[in-house]
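Step one of this worksheet: look at the structure below.
Coordinate-derived values only; no laboratory data. All values reported here derive from a predicted model rather than from experimental measurement. Here the Cβ positions follow ideal geometry from the backbone for every residue, glycine too, while neighbour counts run over all protein chains shown.
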Amino acid sequence: MTSIRILIVDDHPVVRAGLRAVIESQDDFLVVGEAATGEDAVRQVQRDDPDLVLMDLQMPGMGGAQATKQISKLDPTPFVVVLTTYDSDADILSALDAGAVGYLLKDAPPDVLFESIRAAARGDTVLSPAVASRLVDRVRRPSTSTLSGRELEVLELVAEGLANKAIARRLHVSEATVKTHLVHIFTKLDVSTRTGAVATAVDQGLIRLDGS
């Protein structure tokens, strides 16, 4: 039997140890390495050639979405499955846009995790029910009320406290473009202030504040 070679990426040693113990209970899984940062994950993918990466999102330095984007450019490219506690629209879209084939929440039962790993290793898309539900909700919402991926990016930076000029630099767009995005955001969320936009978006699960 050929084993699925797995790299575990998470900044918490206890979580990595727990995942390793659970995953190695399966005869067809082989953990080839662990990484605590996005940067280390990219290096270890090149070194250890895993078939699949279990990727956390929130880590010091390079986050999981950015690491996934870099890994997706490598050849050969392993499948990346995000395993996280976060299920905001912004987190989900950034991970899937970066190239992840799956998005699972850490409260998934072991048998669901095992089957998801096997499915992802075959190239199938795997999503936690809560994540799938959020994506379906986005599709069903009128386009006039759904924030685009770029609008979510702008709103996340607003939540970080960045001014329009700093947001423009971060996203490599003009300040006028940022202002236009904000007008659309305010209209879609039915708010009139940046603070109101952030509060409403957090309440609706569109974005999250760091640490939340």
What is the distance in Å between the Cα centroid of region 108-164 and that of region 1-78?
20 Å
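Once you've got the Cα coordinates, tell me which of 69/106; 73/188; 69/188 are over 31 Å apart. Kindly include the intermediate steps, with their values, before the conclusion.
Details: 69/106 21 Å; 73/188 34 Å; 69/188 29 Å.
Correct reply: 73/188.
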Give a quick list of GluC sites (Glu not before Pro) in region 123-169 that DSSP marks as loop, anything other than H, G, I, E or B, with at most 15 other Cβ atoms within 10 Å.
160
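Longest segment of the chain with no trypsin sites (Lys or Arg not before Pro) in a DSSP loop having at most 12 other Cβ atoms within 10 Å? Kindly include the intermediate steps, with their values, before the conclusion.
Values: sites that count: 73, 122.
The reported range is 123-212.
Cα-based Rg of the chain per 2.2 N^0.38 Å, rounded to two decimals?
Values: Rg = 18.2 Å, N = 212, 2.2 N^0.38 = 16.8 Å.
In units of the globular-protein estimate, the chain measures up at 1.08.
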Selection from 168, 191, 152 lying farthest towards where the dipole of region 149-203 points positive, charges on Cβ
168
³J(HN,Hα), Karplus 6.51/-1.76/1.60, whole Hz, each residue of region 41-48, x for Gly, Pro
4, 4, 5, 6, 4, 5, 7, 9
